[in-house]
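**Q** One structure follows; several queries about it will come next.
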Amino acid sequence: MADIEVLGGGIFGLAIAWSLIERGAKVRLIEKRRPGAGASGGLLGALQPHVPDPWTPTKAFQRDALALHPDFWRKVAAVSGIDPGYRRIGRIMPLADEKAVALARSRADAAARHWEGCGCWRIVPAADFPGWAPPSPTGLLVHETFSARIDPARACMALARAIAARGGEIVTGEAGSGSVPLVDARGHEGLAALGRELGHTAGSGVKGQAALLEHKAEGMPQIFIRGLHVVPHPHGVAIGSTSEREWSHPRVDEALETLMARVREEVPVLTNAPVLARWWGIRPRAPHGKPLLGPHPARPGVFIANGGFKIGVGLAPLVGRLMADLVLDGRADIPAEFLPANALSPS
Ligand SMILES: Cc1cc2nc3c(=O)[nH]c(=O)nc-3n(C[C@H](O)[C@H](O)[C@H](O)COP(=O)(O)OP(=O)(O)OC[C@H]3O[C@@H](n4cnc5c(N)ncnc54)[C@H](O)[C@@H]3O)c2cc1C
């Protein structure tokens with residue numbers, strides 16, 4: 001008999017189930033397809049802090065989440081026997097002109113103030129990364145050392161295996177039993193269901209696409225250029241992502257080809273890299289674009305964990321911890337703006 005049920009086996013549901021088990025709870029995770037079948041089972045895995053200036057409570061939340069990853073995955077890997085590919089590889093960003101260089105320099109101070117020693121932000125010559133750095137008109141790059149990468153699909157697999165190894169149940173199904181507390185972590189489908197239940201929008205699904213290219217760049221930092229992510233993994237280089245708010249076809253399409261054409265132009269080292277895999281997923285976006293974490297606004301004993309949107313993999317360890325605090329202790333240090341009762345209003 002489970003003490004708690006978790007509905008949805010994406011990175012949120014899995015991290016919550018794992019955190020509950022770590023705290024001694026008996027957990028049943030109910031997944032309608034298979035763990036990692038939704039947005040979480042992708043291939044990009046960029047774990048990047050937001051720029052450190054201006055600083056906001058949401059950025060502080062994300063910093064705290066990113067800081068938990070090394071210990072979180074070390075333990076999951078040890079229990080599951082599966083390496084989720086977590087590695088702090090850092091990130092480089094070309095600087096287009098003198099204005100960008102000045103802004104980047106000012107952000108070095110902000111990073112030192114706000115990142116609490118998790119990494120530094122420096123301006124370096126592009127020549128520091130020969131054979132990898134994209135062209136930078138100023139010859140300079142930002143190099144920050146807080147960013148990491150993970151293989152999201154393997155991370156889901158490792159969590160599912162670790163949950164099972166610690167006695168958690170993972171079953172196929174589409175609803176909770178109604179007899180124990182339930183954490184609803186159904187991703188974009190959960191937002192749609194919540195909207196139907198409340199009679200007004202609770203968010204939507206935003207389609208995204210990514211690809212894996214054949215190229216060896218292990219040991220190199222990820223690259224970020226105006227919304228484009230280029231992330232080295234042991235088995236290739238992932239690129240992402242498109243973002244489609246309006247979509248009718250859940251499959252890869254020409255938007256990914258456009259993104260790949262941009263990569264081939266802006267990251268010359270990848271110009272001739274063959275495509276190993278193409279992938280799409282639907283990101284869960286709450287109305288305010290921020291996480292949605294806390295008690296269901298109308299149903300006692302039901303908790304919502306959703307709204308990971310573009311950074312859900314990065315937030316997962318902290319989401320797991322806070323939701324376990326909330327369900328087991330009745331309270332958690334969740335920012336007020338993330339609480340469903342505050343974030344979801346009819347207007
Ligand atoms: C192209 C792309 C690239 C991305 N890149 C990054 C990145 O680099 N870094 C990052 O941090 N984030 C990234 N994200 C965002 C991240 O993937 C999401 O924020 C995160 O996966 C959301 O996790 P989730 O568990 O809430 O949802 P999901 O992973 O979608 O999980 C929801 C689960 O619930 C299940 N489900 C649905 N209905 C039911 C039901 N009735 N009963 C039982 N189960 C149900 C689904 O099958 C699914 O497995 C990316 C997303 C996309 C699409």
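**Q** Can you pull out the residues in the range 188-203 that are under 16 Å from Leu339 (Cα atoms) and outside any helix (DSSP H, G or I)? Full working, then the answer.
**A** Step one: filter the range 188-203 for residues under 16 Å from Leu339 (Cα atoms), giving 190-191, 194-195, 198, 201-203.
Within the range 188-203, Thr201, Ala202, Gly203 qualify.
**Q** Follow-up question, since we're still on this one. Hey, among the residues in the range 22-65 that are of a type in the set (Val, Ile, Thr) and surrounded by fewer than 22 Cβ atoms within 10 Å (Cβ to Cβ), which one's nearest to the ligand (Cβ to nearest atom)?
**A** Step one: filter the range 22-65 for residues of a type in the set (Val, Ile, Thr), giving 27, 30, 51, 56, 58.
When the remaining residues are screened for being surrounded by fewer than 22 Cβ atoms within 10 Å (Cβ to Cβ), the result is 51, 56, 58.
Numbers: Val51: 16, Thr56: 17, Thr58: 14 Å.
That would be Thr58.
**Q** I need a count of the residues in the range 311-338 that are in a loop (DSSP other than H, G, I, E, B), within 15 Å of the ligand (Cβ to nearest atom) and more than 15 Å from Gln62 (Cα to Cα). Give the steps one after another, and end with the answer.
**A** Step one: filter the range 311-338 for residues in a loop (DSSP other than H, G, I, E, B), giving 311, 330-335.
If we keep only those that are within 15 Å of the ligand (Cβ to nearest atom) as well, we get 311.
From what's left, more than 15 Å from Gln62 (Cα to Cα): none.
Final tally of qualifying residues: 0.
**Q** Residue check: is Glu116 surrounded by fewer than 18 Cβ atoms within 10 Å (Cβ to Cβ) and in contact (Cβ under 8 Å) with a residue 40 or more places away in the chain? Walk me through how you get there before you give the answer.
**A** On the way: surrounded by fewer than 18 Cβ atoms within 10 Å (Cβ to Cβ): yes; in contact (Cβ under 8 Å) with a residue 40 or more places away in the chain: yes.
Against the criterion (surrounded by fewer than 18 Cβ atoms within 10 Å (Cβ to Cβ) and in contact (Cβ under 8 Å) with a residue 40 or more places away in the chain), Glu116 qualifies.
**Q** Which members of the range 151-166 meet the condition of being crowded, with 21+ Cβ neighbours inside 10 Å, of a type in the set (D, E, K, R) and assigned to a helix (DSSP H, G or I)?
**A** Within the range 151-166, the first condition is being crowded, with 21+ Cβ neighbours inside 10 Å, and the residues that meet it are 151-152, 154-156, 158-160, 162-163.
Right, trim to of a type in the set (D, E, K, R) and you get 151, 154.
Arg154, the sole residue that qualifies.
**Q** All but one of (1) crowded, with 17+ Cβ neighbours inside 10 Å; (2) over 20 Å from Lys26 (Cα atoms) hold for Met323, so report the exception by its number.
**A** (2)
**Q** Of everything in the range 35-86 that's of a type in the set (S, T, N, Q) and either in a loop (DSSP other than H, G, I, E, B) or assigned by TED's automatic domain parsing to the domain that holds Leu259 (or both), which residue is nearest to Val206 (Cα to Cα)? Spell out how you get there, then give the answer.
**A** Step one: filter the range 35-86 for residues of a type in the set (S, T, N, Q), giving 40, 48, 56, 58, 62, 80.
Of the ones still in play, those that are also either in a loop (DSSP other than H, G, I, E, B) or assigned by TED's automatic domain parsing to the domain that holds Leu259 (or both) are 48, 56.
Values: Gln48: 20, Thr56: 24 Å.
Ranking the qualifying residues of the range 35-86, first place goes to Gln48.
**Q** Okay, next question. For the structure I just gave you, tell me whether Ala211 is within 13 Å of the ligand (Cβ to nearest atom), outside any loop (DSSP other than H, G, I, E, B) and surrounded by 17 or more Cβ atoms within 10 Å (Cβ to Cβ). Lay out the reasoning, then the answer.
**A** On the way: within 13 Å of the ligand (Cβ to nearest atom): yes; outside any loop (DSSP other than H, G, I, E, B): yes; surrounded by 17 or more Cβ atoms within 10 Å (Cβ to Cβ): yes.
Taking the combined requirement at face value, the residue satisfies it.
**Q** Given Pro221, Pro181, Pro234, which one is at pLDDT 95 or above, in contact with a helix residue (DSSP H, G or I) (Cβ under 7 Å, 6 or more places away or on another chain) and at negative phi? If you could, list the steps in order and put the result at the bottom.
**A** On the way: Pro221 fails: in contact with a helix residue (DSSP H, G or I) (Cβ under 7 Å, 6 or more places away or on another chain); Pro234 fails: in contact with a helix residue (DSSP H, G or I) (Cβ under 7 Å, 6 or more places away or on another chain).
One residue alone meets the criteria, Pro181.
**Q** Now for a different question. Would you please name the residue that is nearest to the ligand (Cβ to nearest atom), looking only at residues in the range 166-193 that are in contact with a Pro (Cβ under 8 Å, 6 or more places away or on another chain) and under 30 Å from Gly81 (Cβ atoms)?
**A** Just the residues of the range 166-193 that are in contact with a Pro (Cβ under 8 Å, 6 or more places away or on another chain), to begin with: 170, 187-188, 190-191.
If we keep only those that are under 30 Å from Gly81 (Cβ atoms) too, we end up with 170, 187.
Details: Ile170: 11, Gly187: 3 Å.
Among them, the one singled out is Gly187.
**Q** A follow-up question, please. Quick one: Ala104 ticks every box in (1) buried (at least 18 other Cβ atoms within 10 Å of the Cβ); (2) under 18 Å from Ala316 (Cα atoms) except a single one, so which number is it?
**A** Of the numbered conditions (1) buried (at least 18 other Cβ atoms within 10 Å of the Cβ); (2) under 18 Å from Ala316 (Cα atoms), the odd one out for Ala104 is (2).
**Q** Which numbered condition in (1) closer than 20 Å to Pro317 by Cα; (2) not assigned by TED's automatic domain parsing to the domain that holds Gly312 is the only one that Arg166 fails?
**A** Against the list (1) closer than 20 Å to Pro317 by Cα; (2) not assigned by TED's automatic domain parsing to the domain that holds Gly312, Arg166 comes up short only on (2).
**Q** Still on this structure, please answer the following. From the list Ala133, Ala111, Ala126, which residue is in contact with a Gly (Cβ under 7 Å, 6 or more places away or on another chain), crowded, with 19+ Cβ neighbours inside 10 Å and over 30 Å from Gly36 (Cα atoms)? I'd like the intermediate steps shown before the answer.
**A** Working: Ala133 fails: in contact with a Gly (Cβ under 7 Å, 6 or more places away or on another chain); Ala111 fails: in contact with a Gly (Cβ under 7 Å, 6 or more places away or on another chain).
The unique qualifying residue is Ala126.
**Q** Here's a check for you: in the range 250-286, which residue that is touching a residue at least 40 places away in the same chain (Cβ under 8 Å) and away from the ligand (no atom under 16 Å from the Cβ) is surrounded by the fewest Cβ atoms within 10 Å (Cβ to Cβ)?
**A** Start the filter on the range 250-286 by keeping residues that are touching a residue at least 40 places away in the same chain (Cβ under 8 Å), which leaves 250, 252-253, 255-256, 259-260, 263, 266-270, 273-286.
With the extra rule that they be away from the ligand (no atom under 16 Å from the Cβ), the set shrinks to 266-270, 273-274.
Values: Glu266: 17, Val267: 22, Pro268: 11, Val269: 16, Leu270: 21, Ala273: 21, Pro274: 9.
Looking at the filtered set, the residue picked out is Pro274.
**Q** Considering only residues of the range 218-235 that are farther than 16 Å from Leu43 by Cβ and part of a loop (DSSP other than H, G, I, E, B), which is farthest from the ligand (Cβ to nearest atom)?
**A** So the residue we want is Gly219.
**Q** Here is a check on your reading of the model: is Leu194 out of contact with any Asp or Glu (no Cβ under 7 Å at 6 or more places or on another chain), over 25 Å from Ala96 (Cα atoms) and surrounded by 17 or more Cβ atoms within 10 Å (Cβ to Cβ)? Explain how you work it out, then say what you get.
**A** Details: out of contact with any Asp or Glu (no Cβ under 7 Å at 6 or more places or on another chain): yes; over 25 Å from Ala96 (Cα atoms): yes; surrounded by 17 or more Cβ atoms within 10 Å (Cβ to Cβ): yes.
Against the criterion (out of contact with any Asp or Glu (no Cβ under 7 Å at 6 or more places or on another chain), over 25 Å from Ala96 (Cα atoms) and surrounded by 17 or more Cβ atoms within 10 Å (Cβ to Cβ)), Leu194 qualifies.
**Q** I've got another one for you. Out of Gly289, Gly308, I need the residue that is at pLDDT 95 or above, farther than 21 Å from Trp73 by Cβ and not in a strand (DSSP E or B). Which one? Lay out the reasoning, then the answer.
**A** Working: Gly308 fails: farther than 21 Å from Trp73 by Cβ.
Just one listed residue meets the conditions, Gly289.
The values are calculated or read from the model by the stated rules, or taken from the named source; none is laboratory data. All values derive from a computational prediction rather than experimental measurement. With ideal geometry, Cβ positions are generated from the backbone for all residues, glycine too; neighbour counts draw on all protein chains shown.
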